Amino acid sequence: ALTSKGNGPVGFDLLTEQFSKEIRKEGIQYNIMVVGRSGLGKSTFINTLFKDYDNDEGSEEVTPRPPQTTSIRSVAHVIEEKGVRVKLTITDTPGFADHVDNSECWEPIVEYICNQYESYLLEEIKPERKPYISDTRVHCLLYFVMPTGHCLKAVDVKALKRLSRFCNIIPLIAKADTLTRDELADFKKRINEDLRYHQIEIYPLYTKNEYSSEELEIIKAGIPYAVIGSDAYEEGKLIRKCSAGTAEIENPEHCDFVLLRDMLIRNEMLRLIKSTKVLFYESFRKNYL
Ligand code: GDP
Ligand code: MG
């Protein structure tokens, strides 16, 4: 079983009441995808996220079914706490927006997302369907934004606009250690203005009514989450040495890593899974049938 090193238990116990018996028996399949240009620290982020768990069972390389492009890759970990088993799969998308012409560079990702809906649907509509359908649907897409300090690039606006029609999107500011605190605050504000201006719906705006206004404020205050990927482990802390000194990844004064991790795993997991099903999968299903 996996337990969190840093802040005690993962905290599924906060959620267990929401888990039906059925879910407890089958376990939960939870799929996160990371998207962003090469070199923004996606691989480092994934490693940092998983480094926080003591790992007895090892991670598992998963080949997406069916493999769409050679450059989409998944790793899975099983997290278990208080009798609840979550299989967390993170899918990486190396090669995104790395070309001279990046128009439509997001299409292979849209295709991947839709293919997962389709294979789920094909299982679901079989007359003799399995009691448990393996779920590869993308429940949450973490979109890495380059820490330019200016505003969203045109390619990001287009990619976000298109992708947000197919799954839950959470934007992140990559390599937050390269911006000063003021620059970061400004950049966050600018990105939120851009998202509003271009009417890009990110999580959880369209599920607003499920939250108290305080909860909503907390989530909104985090967006876009500023993250730093760790390159070392010192005195029990995940850190990154940077020009300004040492950044502590799990220190909320240094970046939003813990806020994001709590949101992804502890607080919002079930809602992300549910809105994928109720909003995005349902609309795919309607168009498909
Ligand atoms: P990917 O192409 O998006 O998967 O990026 P990588 O994880 O391979 O990281 C690319 C480079 O950026 C590597 O040299 C990392 O050490 C470095 N890097 C990763 N995360 C951070 C970060 O948070 N801050 C800084 N300054 N560098 C980072
Ligand atoms: Mg990578």
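The values are calculated or read from the model by the stated rules, or taken from the named source; none is laboratory data. Keep in mind that this is a model prediction, so the values were computed, not measured. Quick reminder, even Gly has a Cβ in these numbers, built from the backbone with ideal geometry, and neighbours come from all protein chains shown. Ligands, DNA and RNA are excluded from the accessible area calculation, which covers all protein heavy atoms including side chains. Shrake-Rupley method; radii C 1.70, N 1.55, O 1.52, S 1.80 Å.
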Percent relative contact order for region 149-210, counting Cα pairs under 8 Å at least six residues apart, stands at 54
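Suppose a student asked you for the relative contact order of region 116-194, using Cα pairs under 8 Å spaced at least 6 residues apart; what percent would you report?
Relative contact order of region 116-194: 33 percent.
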Accessible area per residue, Å², region 154-262 with all protein chains present, probe 1.4 Å | 52
Using a cut-off of 13 Å between beta-carbons, work out the net charge of the residues near VAL155 (Lys and Arg +1, Asp and Glu -1, VAL155 not included).
-> -1
Cross-link list LYS87/LYS277; LYS220/LYS274; LYS42/LYS189; LYS188/LYS277; LYS153/LYS189: which exceed 21 angstrom alpha carbon to alpha carbon?
-> LYS42/LYS189; LYS188/LYS277
GluC sites (Glu not before Pro) in region 118-171 lying in a DSSP loop, each with at most 10 other Cβ atoms within 10 Å of its Cβ, come to GLU128
Region 172-271, relative contact order in percent, only Cα pairs under 8 angstrom and at least six apart counted | 27
Take each of the peptides 221-227, 107-113, average the number of other beta-carbon atoms within 10 Å over its residues, and list them starting from the highest.
-> 221-227, 107-113
Using a simple charge model, +1 on the beta-carbon of Lys and Arg, -1 on the beta-carbon of Asp and Glu, nothing else, what dipole does region 104-194 show about its Cα centre, in debye to the nearest 20?
-> 140
Solvent exposure ordering (accessible area, 1.4 Å, most first) of CYS140, CYS242 = CYS242, CYS140
